[in-house]
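Chemist: A single structure is presented below for examination.
The values are calculated or read from the model by the stated rules, or taken from the named source; none is laboratory data. Here the structure is a predicted model, which is why all the values come from computation and not from measurement. We place every Cβ from the backbone using ideal geometry, glycine too, and count neighbours over all the protein chains shown.
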Amino acid sequence: MSPKRVFVAGASGAVGRRLIPMLLADGHEVTGTTRSPAAAERLHTLGARPVVLDVRDEAAVASAVVDARTEVLIHQLTDLAGSTADDYPKELLASTARLRMEATPILVRAAVAAGATRLIAQSSAMLYAPGPEPHAEDDPLVTSQTSIVLPGIVELERQVANAPGIDGFLLRYGLLYGPGTPTDGPAGPVTVHIDAAAWAAALAVDAGPAGTYNVVDDGPVSNAKAREILGWSPEFRLPAP
């Protein structure tokens, strides 16, 4: 493993907060985005270089990614703050879909401009169409136009998979649980602990060929590819503080 210059979009989000310490512990030089000056201070305290910006501001994003001389860009953007274990409000799901549709192409263009070689993005393992289980990565996704989150996932995956000259990694997460999420334990059939989700992104900085990886607990969606190629396990947890 060689140290890289890693740019994390969404560094102060639920996954980002667990991911940043892992990247720093691996020796990477980390730049992370946030919308909050207070969160920027927390990132600075950890040892990352914070950038306060609006990820829809293409000029600001391009400048930040290029200035960081980014080699690996990690896309962990969502807009789900305020959700609970019992309720992921439709307006937050719709806002997250729009964010993925609008911000992903901006991040891709910035990564290309910076000469980055890897782009790692948070996707979803909860959208497989009905069929034999466990679902593998090449199984079809649902096509229902009534899904609020589907358009954002489809566009994100298309942009990342086709980023010119960049190896694209799509991490299809299950429903997140653990610190910083709405629930302490699994709350559905397709789940993953927040620490294990973040660890998959940290591993993808160096491990594996480009492609799609299910990052989920054992269950109706297969995690065999992530286990075998990334060396990942759903049992991973950060030490208690």
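Chemist: Mind listing just one residue for me: the one in the range 152-180 that is small (Gly, Ala, Ser) and part of a loop (DSSP other than H, G, I, E, B) and, of those, modelled with the lowest pLDDT?
Modeler: Looking only at the range 152-180, we keep the residues that are small (Gly, Ala, Ser), and these are 152, 161, 163, 165, 168, 174, 178, 180.
Remaining after also requiring part of a loop (DSSP other than H, G, I, E, B): 163, 165, 174, 178, 180.
On the way: ALA163: 97, GLY165: 96, GLY174: 97, GLY178: 95, GLY180: 90.
Out of the qualifying residues, it is GLY180.
Chemist: Hey, does the range 126-134 have a residue that's surrounded by 15 or more Cβ atoms within 10 Å (Cβ to Cβ), over 20 Å from GLY174 (Cα atoms), within 16 Å of the chain's Cα centre (by Cα) and not aromatic (Phe, Trp, Tyr)?
Modeler: Checked against the condition, which is being surrounded by 15 or more Cβ atoms within 10 Å (Cβ to Cβ), over 20 Å from GLY174 (Cα atoms), within 16 Å of the chain's Cα centre (by Cα) and not aromatic (Phe, Trp, Tyr), the range 126-134 yields no hits at all.
Chemist: What number of residues within the range 29-46 are surrounded by fewer than 17 Cβ atoms within 10 Å (Cβ to Cβ), over 19 Å from ASP195 (Cβ atoms) and in contact (Cβ under 8 Å) with a residue 24 or more places away in the chain?
Modeler: 1
Chemist: Could you identify the single residue in ARG56, ARG49, ARG17, ARG5 that is among the charged types (D, E, K, R) and free of Cβ contacts under 8 Å to residues at least 24 places away in the same chain? Steps first, please.
Modeler: Numbers: ARG56 fails: free of Cβ contacts under 8 Å to residues at least 24 places away in the same chain; ARG17 fails: free of Cβ contacts under 8 Å to residues at least 24 places away in the same chain; ARG5 fails: free of Cβ contacts under 8 Å to residues at least 24 places away in the same chain.
The conditions single out ARG49.
Chemist: If I filter the range 94-117 for residues that are among the hydroxyl-bearing types (Ser, Thr, Tyr), surrounded by fewer than 19 Cβ atoms within 10 Å (Cβ to Cβ), closer than 26 Å to SER222 by Cα and modelled with pLDDT under 95, do I get at least one hit?
Modeler: So in the range 94-117, the residues among the hydroxyl-bearing types (Ser, Thr, Tyr) come out as 95-96, 104, 117.
Checking the rest, the ones that are also surrounded by fewer than 19 Cβ atoms within 10 Å (Cβ to Cβ) come to 95, 117.
Of the ones still in play, those that are also closer than 26 Å to SER222 by Cα are none.
No, there is no match, as no residue in the range 94-117 is among the hydroxyl-bearing types (Ser, Thr, Tyr), surrounded by fewer than 19 Cβ atoms within 10 Å (Cβ to Cβ), closer than 26 Å to SER222 by Cα and modelled with pLDDT under 95.
Chemist: How many residues, within the range 1-28, are more than 25 Å from HIS193 (Cα to Cα) and either surrounded by 21 or more Cβ atoms within 10 Å (Cβ to Cβ) or touching a strand residue (DSSP E or B) at 6+ places or on another chain (Cβ under 8 Å) (or both)?
Modeler: First pass over the range 1-28, keeping only residues more than 25 Å from HIS193 (Cα to Cα): 2-5.
Keeping just the survivors that are either surrounded by 21 or more Cβ atoms within 10 Å (Cβ to Cβ) or touching a strand residue (DSSP E or B) at 6+ places or on another chain (Cβ under 8 Å) (or both) gives 3-5.
Result for the range 1-28: 3.
Chemist: Quick check, is LEU176 under 21 Å from ALA210 (Cβ atoms) and either buried (at least 23 other Cβ atoms within 10 Å of the Cβ) or aliphatic (A, V, I, L, M) (or both)? Steps first, please.
Modeler: Working: under 21 Å from ALA210 (Cβ atoms): no; either buried (at least 23 other Cβ atoms within 10 Å of the Cβ) or aliphatic (A, V, I, L, M) (or both): yes.
No; evaluated as a whole, the condition is false for this residue.
Chemist: Evaluate the range 183-202: report whether one residue or more is in a strand (DSSP E or B), surrounded by 17 or more Cβ atoms within 10 Å (Cβ to Cβ) and among the β-branched types (Val, Ile, Thr). Steps first, please.
Modeler: Of the residues in the range 183-202, the ones in a strand (DSSP E or B) are 191-193.
Still in the list and also surrounded by 17 or more Cβ atoms within 10 Å (Cβ to Cβ): 191-193.
With the extra rule that they be among the β-branched types (Val, Ile, Thr), the set shrinks to 191-192.
There is at least one residue in the range 183-202 that is in a strand (DSSP E or B), surrounded by 17 or more Cβ atoms within 10 Å (Cβ to Cβ) and among the β-branched types (Val, Ile, Thr).
Chemist: Would you mind stating whether ARG237 is at pLDDT 95 or above, on the phi < 0 side of the Ramachandran plot, in a loop (DSSP other than H, G, I, E, B) and basic (Lys, Arg)?
Modeler: Spelling it out, ARG237 is indeed at pLDDT 95 or above, on the phi < 0 side of the Ramachandran plot, in a loop (DSSP other than H, G, I, E, B) and basic (Lys, Arg).
Chemist: Being touching a residue at least 40 places away in the same chain (Cβ under 8 Å), in contact with a Pro (Cβ under 8 Å, 6 or more places away or on another chain) and among the hydrophobic types (A, V, I, L, M, F, W, C) narrows it down to one residue among MET101, MET126; which is it?
Modeler: Numbers: MET126 fails: in contact with a Pro (Cβ under 8 Å, 6 or more places away or on another chain).
Within the list MET101, MET126, the selection yields MET101.
Chemist: For the range 148-158, how many residues are without any contact (Cβ under 8 Å) to a residue 60 or more places away in the chain and within 14 Å of the chain's Cα centre (by Cα)? Outline the logic, then answer.
Modeler: Within the range 148-158, the first condition is being without any contact (Cβ under 8 Å) to a residue 60 or more places away in the chain, and the residues that meet it are 148-155, 157-158.
Now narrow it down to the ones that are within 14 Å of the chain's Cα centre (by Cα): 152-153, 157.
Counting residues in the range 148-158 that are without any contact (Cβ under 8 Å) to a residue 60 or more places away in the chain and within 14 Å of the chain's Cα centre (by Cα) gives 3.
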